[in-house]
Amino acid sequence: MVSAERIIAAVSPESAPIKRVIQDVRDRGQLIDASFGRSTKAVLVMDSGHVILSSLTPETLAARISNISEEGIENG
């Protein structure tokens, strides 16, 4: 589980700058691989400086976060 409030960005891992970010964070020991052995489809950048690798797409993650936010507003 990841706290939705702490996510700064959810991006695709394909670009060279994101690959560099992943390597830098891995070297610092702040990389969390939550892909469960599957291919990485999204990279979550957290406010703590941690980076989380996910097997879900950024679009799927955004939809889930949006649903959680809407439920929170309704339950108020």
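When the test is whether a residue is touching a Ser or Thr at 6+ places or on another chain (Cβ under 8 Å), modelled with pLDDT under 90 and not polar (S, T, N, Q), residue 4 passes it. Looking only at residues of the stretch 3-18 that are more than 8 Å from the chain's Cα centre (by Cα) and of a type outside the set (Gly, Ala, Ser), we find that the one that is nearest to residue 59 (Cα to Cα) is 13. In the stretch 40-58, what residues are at negative phi and either out of contact with any strand residue (DSSP E or B) (no Cβ under 7 Å at 6 or more places or on another chain) or loosely packed, with under 14 Cβ neighbours inside 10 Å (or both)? If the condition is that a residue be at negative phi and either out of contact with any strand residue (DSSP E or B) (no Cβ under 7 Å at 6 or more places or on another chain) or loosely packed, with under 14 Cβ neighbours inside 10 Å (or both), then 47, 48, 55, 57 are the ones that fit.
For the stretch 44-63, the set of residues classified as within 15 Å of residue 4 (Cβ to Cβ) and touching a Leu at 6+ places or on another chain (Cβ under 8 Å) consists of 44, 50, 52, 54, 61, listed by residue number.
Taking the criterion of being touching a residue at least 12 places away in the same chain (Cβ under 8 Å), farther than 18 Å from residue 61 by Cα and polar (S, T, N, Q), the residues of the stretch 19-50 that qualify are 30, 48.
Could you check the stretch 1-39 and list, in sequence order, the residues that are crowded, with 17+ Cβ neighbours inside 10 Å and not aliphatic (A, V, I, L, M)? Once the filter is applied, which keeps residues that are crowded, with 17+ Cβ neighbours inside 10 Å and not aliphatic (A, V, I, L, M), the stretch 1-39 yields only 13.
The values are calculated or read from the model by the stated rules, or taken from the named source; none is laboratory data. Keep in mind that this is a model prediction, so the values were computed, not measured. As a convention, Cβ positions derive from the backbone with ideal geometry for all residues, glycine included, and neighbour counts pool all protein chains shown.
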